[in-house]
Amino acid sequence: MNLLIVEAEELGANNELELRGRRLLHLNTVLKVQAGDNVRVGQLNGSIGTGTVRSIGEDLAVIDVSLDQPAPAPLALTVVMALPRPKMLRRILRGMAETGIKEIHLINSFRVEKSYWQSPLLQAPALREALLSGLEQAMDTVMPTVHLHRRFRPFAEDSLPALCDGCDALLGDLGAAEDYPASPSSPSLLALGPEGGFIPFEQELIINAGARPVSLGPRMLRLETALHCAVGRHLGGHGDPRSR
């Protein structure tokens, strides 16, 4: 946890924070914070600053918070992704939050197992936990938005064209003649299929919505690996030099 993220309602008079639970445990056991120490604090969907620990014990910490810096700029990339296997989902969501992606669309596909949509990881508390972990790591406060689309065709025909409008929309396709751009335009949209890729019918609908097929190379990559390779291209020109 590189940033202590708090809700606006947790801040009392004069921005006094009373901290308990998981975050207090982290301060005590990992950071080994003492009274008088400073910690990085951010308000969820708000500013970032410093907290001075007034007192700390096993059950309660009292921290005086000053928020005076904006959150880092988001990555101008919307991700449209076939719903991955549940055991991969938490890690993928955390990674997207770390890299500054703020709009995520998880969609159905012919090759997505129906059972994936029953995963408890798709419940709001579990999604929030995974994304919050990424924000804490990256010292960001702006929570990404996750949209769930259980029917492919209505999404591709009714929603995707508007998402593609006004941005460089890219469809990851192993057989594409065009390579993934080394320095993608901004803003961009990236559509990635499930393991094995989108079937031809799905590819056609995505292309009709405004995306163009691009290739990340000749290797058949796992969804998570393909996402990392693609996002790295966008981060390269993002202009935020902070190490994550």
Report task. Would you mind ranking 198, 155, 110 so that the residue whose beta carbon has the fewest other beta carbons within 10 Å leads the list? Result -> 110, 155, 198
Report summary line: The percentage of Cα-Cα pairs in the chain separated by more than 31 Å is 31 percent
Report summary line: For the chain, averaging the sequence separation of alpha carbon pairs under 8 Å that lie six or more residues apart and dividing by its residue count, the contact order in percent is 19 percent
Query raised in the report: Non-local amide H neighbours of residue 143 (under 5 Å, H modeled in plane, Pro and chain starts lacking H): which ones?
Result: 45
Query raised in the report: So which lysines can residue 114 reach, going by Cα to Cα under 25 Å and dropping same-chain residues fewer than 8 places off?
Result: 87
Query raised in the report: So, how do all the Cα-to-Cα distances of region 4-69 break down into 10 Å bins, in percent, from 0 on up?
Result: 23, 60, 16
**Report entry** Nonlocal amide H pairs with residue 105, under 5 Å, H built at 1.01 Å
**Finding:** 79, 80, 81, 147
Query raised in the report: How much mean residue ellipticity at 222 nm does the chain get from its helices, if each DSSP H run of length 4 or more adds -39500 (n - 2.57) and you divide by all residues, to the nearest 500 deg cm²/dmol?
Result: -8000 deg cm²/dmol
Report summary line: Which residues qualify? For residue 5, with a placed amide H closer than 5 Å and at least 5 residues away or on another chain, they are 42
Query - Between region 144-186 and region 1-60, the alpha-carbon center distance in angstrom - result: 39 Å
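We did not get these values from a lab; they are worked out from the coordinates using the rules stated. The structure presented is a predicted model; accordingly, all values stated were derived computationally and were not measured. Ideal geometry is used to build each Cβ from the backbone, glycine not excepted, and the neighbour counts take in all protein chains shown.
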